[in-house]
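Participant: This structure is in structure tokens; I'll ask about it shortly.
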Amino acid sequence: MKRTLFFLLCLLMLTACETVENKVDVKTYSNLNLRVYTPQFSAIGLRCQTMPGKEEESVIYVAEAAFTEARLDTFFHANIDGNHVSDGVWYEGAPCVETPQKVGNTGGFVWYNGAYQFFADTASAEQALRLAAENGGMGFRQETIIHKGKYVRNTRTENPRYNRVEIYRVLAELDGRLCIIENIDPVPFSEFLPALQALQVTEALYMDMGNGWNYSWYRLADGSVREIHPVHYKCRYCTNWIVFYM
């Protein structure tokens, strides 16, 4: 009798574990100083002006996406670096040129009709943004770091000024899955990029970071929220966020 009850209890526990899905899978690669967040999403959005609230139960991951041009107390779409698409509407953003080499926002990302794409050149990215708008999707411009498994010239590599010791973040593709990757401990970008390459990331698009802009969170299996980086007073200047929905 005791053995039967023990078996039934184990079976119930196993069933419960199988029915509870992680909303965001988190995997740590300590040897590479990387942490990978893989949302189990059904849709992706670009939220502008106001960050999604933790009470929005359908939101499972949120982080700053495109660069913000200036610290303004009033929101303007033109203060987001690069043209972008939110809720199927195309908006003109600010030009982004950070270095004398004119690197700027070399690529972009779009999601519509249930599929995503990364781009590493302006012409392709802008065409994709128009298609995303026509199909009710989302998209934004940013710096491409890796495309189709190959290194792409970028600001942080081209200009030593941007090779600071920081936490870096990219929207990425790893093993055919869309994810977000950060380094665990602060390192210069010259160490972050080789770590991504060692992990064999096929796509990597830079995401805005720094105090305030790095604030992000994800939802656990039980519905609670875990913050990745703490709130900072500069959060009030943030303008846009990539949002993954359950």
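Participant: Computed from the mean reciprocal separation of all distinct C-alpha pairs, what Kirkwood hydrodynamic radius does the range 31-110 have, in Å?
Facilitator: Working: mean 1/r = 0.0668 Å⁻¹.
Its Kirkwood hydrodynamic radius stands at 15.0 Å.
Participant: Using a 1.4 Å probe on the protein chains only, how many percent of the accessible area of the range 73-232 belongs to carbon and sulfur?
Facilitator: Numbers: 3390 of 7000 Å².
About 48 percent, which is the carbon plus sulfur part of the accessible surface.
Participant: I'd like the Kirkwood hydrodynamic radius of the range 139-246, using the inverse of the mean 1/r over distinct C-alpha pairs, in Å.
Facilitator: On the way: mean 1/r = 0.0671 Å⁻¹.
It is 14.9 Å.
Participant: From the P(r) of the range 125-193, can you give the percent of Cα pairs sitting at distances over 18 Å?
Facilitator: Numbers: 1181 of 2346 pairs.
Everything past 18 Å amounts to 50 percent.
Participant: Apply 1/(1 + (r/R0)^6) to the Cβ-Cβ distance of N22 and N211, taking R0 = 41 Å, and write down the FRET efficiency to the nearest 0.05. Could the numbers behind the result be given before it?
Facilitator: Numbers: r = 29 Å, r/R0 = 0.70.
After rounding, the FRET efficiency stands at 0.90.
Participant: Ordered by residue, what ³J(HN,Hα) values in Hz, to whole numbers, does the range 216-222 give under the Karplus form 6.51 cos²θ - 1.76 cosθ + 1.60, where θ = phi - 60° and Gly and Pro are x?
Facilitator: Each residue's phi maps through the Karplus curve to give 7, 7, 9, 9, 7, 4, 7 Hz.
Participant: A further question on this structure: In the full protein assembly as shown, how much of M207 is accessible to a 1.4 Å probe, in Å² to the nearest 10?
Facilitator: 0 Å²
Participant: So, one more: Take peptides 184-192, 110-118, 78-86 and line them up by average Cβ neighbours within 10 Å, highest first, as a rough protection proxy. Provide the component values of the computation, followed by the final result.
Facilitator: Working: 184-192: 15.4, 110-118: 17.1, 78-86: 23.7.
Put in order of decreasing packing, that is 78-86, 110-118, 184-192.
Participant: Which whole-number value in Å² is the accessible area per residue of the chain, probe 1.4 Å?
Facilitator: Details: 12250 Å² over 246 residues.
Per-residue value: 50 Å².
Participant: In addition: Could you derive backbone 3J(HN,Hα) for the range 85-92 from the dihedral phi with the Karplus parameters 6.51, -1.76 and 1.60 (θ = phi - 60°), listing whole Hz in sequence and x where the residue is Gly or Pro?
Facilitator: Using θ = phi - 60°, the values come out as 10, 10, 6, x, 10, 7, 10, 8 Hz.
Participant: Continuing with this model, one more query. Could you tell me which of L46, A221, A133 has its Cα farthest along the dipole of the chain towards the positive end, charges placed at Cβ (Lys, Arg +1; Asp, Glu -1), taken about the Cα centre?
Facilitator: A221
Participant: Quick check: residue separation of F75 and K150 times 0.36 nm, minus the Cα distance between them. What number comes out in nm? If you can, show how the numbers build up before the last one.
Facilitator: Working: separation 75, 0.36 × 75 = 27.00 nm, distance 3.60 nm.
Gain on stretching F75 to K150: 23.4 nm.
Participant: Can you run the Rg to Rh ratio on the chain? Use alpha carbon positions and the Kirkwood inverse-distance Rh. List each step's numbers first, then the result.
Facilitator: Details: Rg = 19.3 Å, Rh = 18.8 Å.
Value, to two decimals: 1.03.
Participant: From the backbone phi of the range 40-51, what are the Karplus-calculated ³J(HN,Hα) couplings (6.51 cos²θ - 1.76 cosθ + 1.60, θ = phi - 60°) in whole Hz, Gly and Pro given as x?
Facilitator: Residue by residue, the range 40-51 yields 8, 9, 10, 7, 10, x, 10, 8, 10, 6, 10, 5 Hz.
Participant: Quick one: dipole size for the range 113-246, taken about the Cα centre, charges +1 on Lys/Arg Cβ and -1 on Asp/Glu Cβ, in debye to the nearest 20. Please report the intermediate quantities before stating the final value.
Facilitator: Details: 14 positive and 15 negative charges, 48 e Å.
So the magnitude is around 240 debye.
Participant: Any idea how far apart H232 and D87 come out in nm if each label point goes 7 Å out from Cα toward Cβ?
Facilitator: For H232 paired with D87, the spin-label model returns 2.9 nm.
Participant: Sticking with this one: Out of A204, A70, A128, any idea which swings most in a Gaussian network model of the chain, alpha carbons joined below 10 Å?
Facilitator: A70
Participant: Rg/Rh for the range 82-199: what does it come to with C-alpha atoms and Rh from Kirkwood?
Facilitator: Values: Rg = 14.7 Å, Rh = 15.0 Å.
Answer for the range 82-199: 0.98.
Participant: Taking the Cα centre as origin and putting +1 on Lys and Arg beta-carbons and -1 on Asp and Glu beta-carbons, what dipole magnitude results for the chain, to the nearest 20 debye?
Facilitator: Using Cβ point charges on Lys, Arg, Asp and Glu, the chain gives about 500 debye.
The values are calculated or read from the model by the stated rules, or taken from the named source; none is laboratory data. From a predicted model like this one, the values you see are computed outputs, not experimental measurements. FYI the Cβ positions are ideal-geometry reconstructions off the backbone, even for glycines, and counts take in every protein chain you see. Side chains included, ligands, DNA and RNA excluded: accessible areas come from the protein's heavy atoms. Shrake-Rupley method; radii C 1.70, N 1.55, O 1.52, S 1.80 Å.
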